[in-house]
Every structure is written in C-alpha cells, then in structure tokens.
Amino acid sequence: MTQLPSEIASGAYKLFCERHPWTTKVRAVTVRATNLVPQETPDQLSLFVDTQRLQRRE
C-alpha cells in the first residue's frame, strides 16, 4: 500500500508493459486510484520492506 505518486506510476507502467502487446501505438494512458483508505488507517507491516525509508519518502 502506498500514497507515493512515483510508486503508483511505476506499478502502473509495469502492468502496462506486461499486458500491452505493443503492436499499435499508444497515445495516452490514464491511471485511477480506487478503494482509498485514510492515511491514519494502520497497515500490516512486512519484514521485507524498509519501513523507515518508505516513511521518509512519504
């Protein structure tokens, strides 16, 4: 879960590259965020994510 625009854009680009066949030109791509939760909502922490680094970026 993130609120960082750079991470959202990176994830969207990765999904686009995986699923678009690149047989036609693309003029524009739109990304929309849904099912948003308030920032104060607690998260499940992961052992594999540097949470301090993520908090500094936010």
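Side notes on the structure shown:
- Within segment 1-10, tally of residues that are of a type outside the set (S, T, N, Q) and without any contact (Cβ under 8 Å) to a residue 12 or more places away in the chain: 2
- Lone unmet requirement of (1) part of a helix (DSSP H, G or I); (2) of a type outside the set (A, V, I, L, M); (3) surrounded by 10 or more Cβ atoms within 10 Å (Cβ to Cβ) for GLN3: (1)
- Residues of segment 11-20 classified as closer than 20 Å to VAL37 by Cα and either of a type in the set (S, T, N, Q) or free of Cβ contacts under 8 Å to residues at least 12 places away in the same chain (or both), total: 1
- Residue ID - surrounded by the most Cβ atoms within 10 Å (Cβ to Cβ), chosen from residues in segment 23-58 that are at pLDDT 80 or above and among the acidic types (Asp, Glu): ASP50
- Some residue of segment 37-50 being touching a residue at least 40 places away in the same chain (Cβ under 8 Å) and either acidic (Asp, Glu) or in a loop (DSSP other than H, G, I, E, B) (or both): yes
The values are calculated or read from the model by the stated rules, or taken from the named source; none is laboratory data. Everything quoted here is computed from the prediction, not taken from an experiment. Heads up, the Cβs are rebuilt from the backbone with ideal geometry, glycines too, and the neighbour counts pull from every protein chain shown.
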